[in-house]
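Worksheet for the structure shown next.
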Amino acid sequence: MPTQFDVAVIGAGAAGMMCAAVAGQRGRKVVLIDHAGKLAEKIRISGGGRCNFTNLHAGPQNYLSRNPHFCRSALSRYTAQDFLGLVKRYRIGYHEKHKGQLFCDDSAEQIIAMLKAECDLGNVAWRMPCRIDAVGKTGAGFRLDTSAGEILARSVVVASGGLSIPKIGATDFAFRLARQFGLKLVEPRPALVPLTFEQSSWQPFLPLAGIALEVEVETGEKKERGHFREDLLFTHRGLSGPAILQISSFWQPGTPLTLNLLPAMDVAQVLIEGKKTLRKNLGNLLAQWLPARLAEGWLAANDFSAEARLADMPDKALRRLGESLNGWRIVPNGSEGYRKAEVTLGGVDTRELSQQTMMASKSEGLYFIGEAVDVTGWLGGYNFQWAWSSGVAAGLSV
Ligand code: FDA
């Protein structure tokens, strides 16, 4: 005998648990289905195990989407302060780390336990681990064929996330289901991801692996332009760190990034003016402003001798050195892909969904929320806030 529910939520991650809890607490009979053996692995590993669960400044300006205004309604109906209120009610210790980013003091497990408790308050039924073989339309709603038997539901909420980190259970389920119901997708691609470079061109920078420093990075033009001032990390395969993760969401294959390794100064000007007064060699001079290993490696990679005395250098050469530091242009050959990406850019086209409820306009009762939707936040708690806000929007509608 099939089991009948008002709502079947597919994916018990951040968005799915939030949606199920809200719908359940409104008196809906909800079932939450997930194929994973372990609950909410992405929350567990997020924020280095401390879950950067929201950002106090979250607004539409912090999200990428074909339609940048789509997220406004859900974000304003369920805000960072609303989620923080829930965190406080559960007496979970938290702190602000950087630019409005809120983290648990102890562990991301506390956020999972809180969402689980909220689902329990809504009497949510669980099917987990449970494989979904097919979803079909019936007269009164939907039929799900699953490894736990047939499930009937008036509404289906797809909260199965994006493609990032397949190792912990990410699948293209949401995108396949969207296509099955005739909904358009914005081509998905990895985002918040380290960028890589062609092996031979990266050779000179290999000795810099492990060095971190604050930089300015930018890419793109006009509306699509990204610009961040964050930490950069040199790795063996390329560049990482918050600056690169942020800019990776804006970067288009084949185009350059411009990095300013010393954003606080005009290096060429300081070097040329310093020729009269600064009695130092280039290596010692740069090491005043940059990590010593970077100063040394940078000079070698750009064919300068660290021993050369500033006073003996032609202005033209100093200008070249200054420009290399203030405007380093490099073209990545790709990214580390979904294996390392924190999120998936693109997804279910927002033009197919109601911005108030997340329901597909072409298919009554079918909802998409969280990362599956073409709304992608910057690094810094914005992606969870979208999961909470879109989850609540659907939870209040189903
Ligand atoms: P989410 O991925 O959380 O959940 C999807 C669920 O669907 C999973 O439980 C999965 O098992 C299930 N599922 C998938 N396919 C299925 C199928 N075929 N059948 C049944 N179930 C299926 N964001 C942030 O704001 N702050 C942070 O600190 C971090 N940190 C971070 C670290 C790392 C390493 C990663 C990879 C990501 C982050 N993120 C983040 C991003 C954040 O984790 C992400 O945006 C949200 O988890 C998205 O929530 P969803 O509920 O949409 O998907």
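Only the coordinates and a few stated rules stand behind these numbers; no lab work does. Since the model is a prediction, treat every value here as computed from it, not as a measurement. Note that we place each Cβ from the backbone using ideal geometry, even for glycine, and neighbour counts take in every protein chain shown.
A few notes on this one:
- Partner aspartates and glutamates for K88 [C-alpha distance under 13 Å; skip if fewer than 8 residues away on the same chain]: D105
- Normalising the average separation of contacting C-alpha pairs (under 8 angstrom, six or more residues apart) by the number of residues puts the relative contact order of the stretch 195-335 at 31 percent.
- Label-to-label distance for K88 and E198 is 5.5 nm, based on points extended 7 Å past Cα in the beta-carbon direction.
- Put in order of Cβ neighbour count within 10 Å, fewest first, the listed residues T277, T376, T258 become T277, T258, T376.
- Over the C-alpha trace of the chain, radius of gyration and Dmax come out as 24.6, 89 angstrom.
- Peptides 325-332, 362-369 ranked from most to least packed give 362-369, 325-332, packing being the mean of other C-beta atoms within 10 angstrom over each peptide's residues.
- In plain terms, the C-alpha convex hull of the stretch 195-335 casts an average shadow of 8.1 nm² when viewed from every direction.
- Couplings 3J(HN,Hα) of the stretch 75-92, computed from phi: 5, 7, 7, 10, 9, 4, 5, 5, 5, 4, x, 5, 4, 5, 4, 8, 6, 8 Hz, in residue order, whole Hz [Karplus 6.51 cos²θ - 1.76 cosθ + 1.60, θ = phi - 60°; x for Gly and Pro].
- Relative contact order (%) - criterion: Cα under 8 Å, at least six apart; region: the chain: 25 percent
- Filtered GluC sites (Glu not before Pro), the stretch 144-218: DSSP coil and at most 15 other beta carbons within 10 Å: E198
- Sparsely packed chymotrypsin sites (Phe, Trp or Tyr not before Pro) within the stretch 1-98, loop by DSSP, other Cβ within 10 Å at most 16: Y90
- The stretch 181-242, relative contact order [Cα under 8 Å, separation at least 6], %: 35 percent
- What separates the Cα centres of the stretch 162-213 and the stretch 57-122 is a distance of 24 Å.
- Across the alpha-carbon set of the stretch 288-369, the Rg to Rh ratio works out to 1.40, Rh being the Kirkwood radius.
- Anchor K137: aspartates and glutamates whose Cα lies under 16 Å away (excluding residues fewer than 8 positions away in-chain): D6, D145, E150, E364
- Descending by average beta-carbon neighbour count within 10 Å, the peptides 138-147, 111-120 line up as 111-120, 138-147, the highest first.
- Net charge, A264 excluded, C-beta distance under 11 Å - Lys, Arg +1, Asp, Glu -1: -2
- Loop-located chymotrypsin sites (Phe, Trp or Tyr not before Pro) in the stretch 288-325, at most 16 other Cβ atoms within 10 Å (DSSP): W289
- Aspartates and glutamates with Cα under 15 Å of K184, excluding same-chain neighbours fewer than 8 positions away: D172, D349, E352, D374
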